[in-house]
Amino acid sequence: MDNNTNTYRKGHTVASQICVVIPAYNASKTINDVVTKVLKHVSHVVVADDGSTDGTAEIARKAGADVLTIGRNRGKGHVLKMLFQKSVEDGFDAVITIDADGQHDPEEIPSFIDAHILHPGDIIVGSRMHEQEKIPRARYNSMHIARFYISLAANQFIDDTQCGYRLYPLSLLNDLILTTEGYITETEILIKAGDKGTVIRCIDSKAIYTDNGSHYRPVLDTTAITGFVLTYLIMKWFKEGFISDRPFTYTHNNIMNLTGKHKIISIFFQAIIVVISIPVCSLYFIEYLTMQNIVKNNFASLRRRGIKFSKIVRASYMLPFVLMIIIGEKTASIVGIEIRSIDGFIKRYYPDLWSRS
């Protein structure tokens, strides 16, 4: 028996242990096509109908999916956690998450499975960053800034932190306490998994943008994700600053998990941290420079990678200015004036610190 046959049989066996899960909300126009194409590569698909009013559940069921019906719209994070739990109960080893709107190509599923075979304990994330010309400019810029901060919190460079096309080992998800809802949950998984030592690998994925519409709310959801990421980083570096050689700080009883159990407390706590984040980051920089002989190898997640804290401080101080430039560009475009100054700012102040430091 040749190696190709062995590889094929191994891939086929692994695929039978993987479930594809699809959160869906009013996706009647696309769900049939997505489910049909997914079933070419795996035998089991679960669609979670998140309170749809357009017949999404029935269409998905007729296409061959197992359907989990949620009475009212609860948001992507809540739905994902329900799908993960169902996949564990059904005996699967891993799940692939794919969107219902057609923006992820099911023909790429074998690439995720191949990567999982080679690295069964890792998270596999689709990356669209190699197709920059296909990504709306404003979206690409926000993705660029997001990966800068999320990569810092996850202890590793993640090329595309915003792509929902992913493969998760279920044993890993079972070891994380997920407290967020909505679109924050996918970011929460990357950060907490990375901060406990999990490797997050990216594979190329197509950048597909359709007219089917997105339920992502640019202002509200971006604000919520930003608050979570900045708060996590501030609390992570608080630990790292006073502990020698500890790059991975995630524990079940960390403050993000404790406050996250109470929504109002969590919102209030994150709001306070965001307000003070820039001056606190400056204090950490002083601590980084002055305490390294007292606490050997403090801020280990940065020192191990050769990341200069000065660049992080500079990026943080630039955030308000970047926001003002973005607002200015948006305002100018409304009156027909095209300005493209923000691109240069983002490339300069939010670089890939892992390969350029």
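The values are calculated or read from the model by the stated rules, or taken from the named source; none is laboratory data. On a predicted model such as this, the values are computed, not experimentally measured, just so you know. Please note: Cβ atoms are built from the backbone with ideal geometry, for glycine as well, and neighbour counts cover all protein chains shown.
Close Cβ contacts (under 6 Å, 6 or more residues apart or on different chains) running from residues in the stretch 322-333 that are within 18 Å of residue 350 (Cβ to Cβ) to residues that are surrounded by 13 or more Cβ atoms within 10 Å (Cβ to Cβ) comprise 322/345; 325/342; 326/342; 329/342. Put simply, of 141, 174, 155 the only residue that is buried (at least 21 other Cβ atoms within 10 Å of the Cβ), touching a residue at least 40 places away in the same chain (Cβ under 8 Å) and outside the structural domain of residue 326 (by TED's automatic domain parsing) is 155. On the given criteria, is residue 99 assigned by TED's automatic domain parsing to the domain that holds residue 45 and surrounded by fewer than 18 Cβ atoms within 10 Å (Cβ to Cβ)? So residue 99 fails the test. Which of the residues belonging to the stretch 147-167 are more than 26 Å from residue 300 (Cβ to Cβ) and small (Gly, Ala, Ser)? Answer for the stretch 147-167, where residues must be more than 26 Å from residue 300 (Cβ to Cβ) and small (Gly, Ala, Ser): just 164.
Kindly indicate whether residue 179 is polar (S, T, N, Q), buried (at least 23 other Cβ atoms within 10 Å of the Cβ) and out of contact with any strand residue (DSSP E or B) (no Cβ under 8 Å at 6 or more places or on another chain). Steps first, answer last, please.
Values: polar (S, T, N, Q): yes; buried (at least 23 other Cβ atoms within 10 Å of the Cβ): no; out of contact with any strand residue (DSSP E or B) (no Cβ under 8 Å at 6 or more places or on another chain): yes.
Taking the combined requirement at face value, the residue does not satisfy it.
Matching residues to (1) modelled with pLDDT of 95 or more; (2) surrounded by fewer than 19 Cβ atoms within 10 Å (Cβ to Cβ); (3) assigned by TED's automatic domain parsing to the domain that holds residue 309; (4) under 30 Å from residue 267 (Cβ atoms):
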| position | (1), (2), (3), (4) |
| --- | --- |
| 115 | yes, yes, no, no |
| 128 | yes, no, no, no |
| 132 | no, yes, no, no |
| 137 | no, yes, no, no |
| 146 | no, no, no, yes |
| 163 | yes, no, no, yes |
| 166 | yes, no, no, yes |
